[in-house]
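First the structure, in the form of structure tokens, and then the observations on it.
The values are calculated or read from the model by the stated rules, or taken from the named source; none is laboratory data. Fair warning: this is a prediction, and the values are worked out from it, not measured in the lab. Glycine also receives a Cβ, built like all others from the backbone with ideal geometry; neighbour counts cover every protein chain displayed. When the accessible area is computed, the model is the full protein with side chains, heavy atoms only, and any ligands, DNA or RNA have been set aside. Shrake-Rupley method; radii C 1.70, N 1.55, O 1.52, S 1.80 Å.
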Amino acid sequence: MAKVLCENGHRVHFWMRDEQQVQELKENRTNSRYMPDVRIEGDLLPTTRFAETLANAEIVFVAIPSKAFRDVIRAHAGDFRPNQIVISLTKGIERDGFRLMSEILQEEIPRTRIGVLSGPNLAAEIVNRELTATVIAAKDPDVRRTVQELLGCDYFRVYANVDIYGVELSGALKNIYAIVAGMGAALDLGENARAMLLTRSLAEMSRFAVSLGANPMTFMGLAGIGDLVVTCTSSKSRNFRVGYAVGKGARLEDAVAELGQVAEGIHTLLLVKEKAESVGIYMPLVRGLYDILYGGASIKAVINGLMTAVQNSDVEFILPRTLAGQR
């Protein structure tokens, strides 16, 4: 996002925790840890001083891993200004209370105007100026319009939505199914089977989200099916790569260590399974993945279990699900 904003002619105050990375960006215009071959041109001002960053920013984009999200925001809550626009880029869920990032922002910095950016947005393609679309979700039309104007350009298109919860939850849920898809690719499942997994994933995640208050139509858009498709079919997806490695026989810990970056789906899986069971939402793919990663079940056994289950309705919200089998 910093690169997109810089190329669109905006001054970007870029907060980072690591002073060495700050110096590298200042001197070489690169971040070798994450994108070694990418230069960020334009008016970029990297710093480790959080308060200074917020003081100079009219709009704040927050890209902090979900496990540290609240701690960072709470520690600097007093530095945010009333009515400042704050947009979350993080696709994850906090364990306590099953809070999404926008809910954390609302609780910690309620005087700001909050939005969420989500969609099929692989960073490796965006930095190479490959055609990409995203969704800005916010209740305030001025927030939606501002983000569209800031980020929109000839390779990055920004669509709007008002369903913050649905857009944000779909962005978190799809990471779980990307791990499942990676496993399917590792097992060389046929195209028919992979299409089945993808569409059943969409049915499952939308059923879960709508039961918690999301708009079902959100899942027909970029933040839903769009993000699910790219994350479940691309080797550039961190969660897909973890699933692929496990599918090839690697231990989960080794797969995550080899990745060297955050795979949010691992964390999200545990929270969604717990939440689904507590409110009685049937999610066979979530349960199956949990059994594989933490219960010692074989991937083939889980797939066989899915294939021998009751054949139920195809599209969610059209036919009622039978009591004989929730699958």
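Across the range 69-103, the qualifying residues are those that are under 22 Å from residue 121 (Cα atoms) and among the small types (Gly, Ala, Ser), and the one among them that is modelled with the lowest pLDDT is 92. Any residue at all in the range 55-66 that's closer than 29 Å to residue 177 by Cα and free of Cβ contacts under 8 Å to residues at least 24 places away in the same chain? No. Against the criterion of being buried (at least 18 other Cβ atoms within 10 Å of the Cβ), closer than 19 Å to residue 173 by Cβ, touching a strand residue (DSSP E or B) at 6+ places or on another chain (Cβ under 8 Å) and in contact (Cβ under 8 Å) with a residue 60 or more places away in the chain, residue 89 does not qualify.
Filtering the range 143-176 to residues that are over 30 Å from residue 246 (Cβ atoms) and either acidic (Asp, Glu) or in contact with an Asp or Glu (Cβ under 6 Å, 6 or more places away or on another chain) (or both) leaves 149, 154, 163. Considering 290, 294, the condition of being farther than 15 Å from residue 175 by Cα, modelled with pLDDT of 75 or more and aromatic (Phe, Trp, Tyr) is satisfied by 294 alone. Counting only helices (runs of 4 or more DSSP H) that sit completely within the range 122-229, those holding 2 or more residues that are free of Cβ contacts under 8 Å to residues at least 40 places away in the same chain and open to solvent by 50 Å² or more (accessible area, probe 1.4 Å) correspond to 141-151, 191-211.
Can you pull out the residues in the range 28-69 that are touching a Lys or Arg at 6+ places or on another chain (Cβ under 6 Å) and of a type in the set (Lys, Arg)? Of everything in the range 28-69, those that are touching a Lys or Arg at 6+ places or on another chain (Cβ under 6 Å) and of a type in the set (Lys, Arg) turn out to be 29, 39.
Conditions (1) β-branched (Val, Ile, Thr); (2) modelled with pLDDT under 90, marked per residue:
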residue: 177; (1), (2): no, no
residue: 201; (1), (2): no, no
residue: 205; (1), (2): no, no
residue: 214; (1), (2): no, no
residue: 217; (1), (2): no, no
residue: 225; (1), (2): yes, no
residue: 235; (1), (2): no, yes
residue: 241; (1), (2): no, no
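Across the range 93-119, the qualifying residues are those that are of a type in the set (Gly, Ala, Ser) and within 21 Å of residue 134 (Cα to Cα), and the one among them that is surrounded by the most Cβ atoms within 10 Å (Cβ to Cβ) is 118.
State all residues of the range 231-273 that are crowded, with 20+ Cβ neighbours inside 10 Å, more than 19 Å from residue 173 (Cβ to Cβ) and either under 15 Å from the mean Cα position of the chain (by Cα) or free of Cβ contacts under 8 Å to residues at least 24 places away in the same chain (or both); if no residue qualifies, say none. Scanning the range 231-273 gives a single hit, 255.
Of all residues in the range 55-68, those that are modelled with pLDDT of 95 or more and touching a helix residue (DSSP H, G or I) at 6+ places or on another chain (Cβ under 6 Å) total 0. The set of residues from the range 274-291 being out of contact with any Lys or Arg (no Cβ under 6 Å at 6 or more places or on another chain) and open to solvent by 30 Å² or more (accessible area, probe 1.4 Å) comprises 274, 275, 277, 278, 279, 280, 282, 287, 291. Considered as a group, the residues in the range 297-310 that are more than 26 Å from the chain's Cα centre (by Cα) and of a type in the set (Val, Ile, Thr) include one that is modelled with the highest pLDDT, and that residue is 308.
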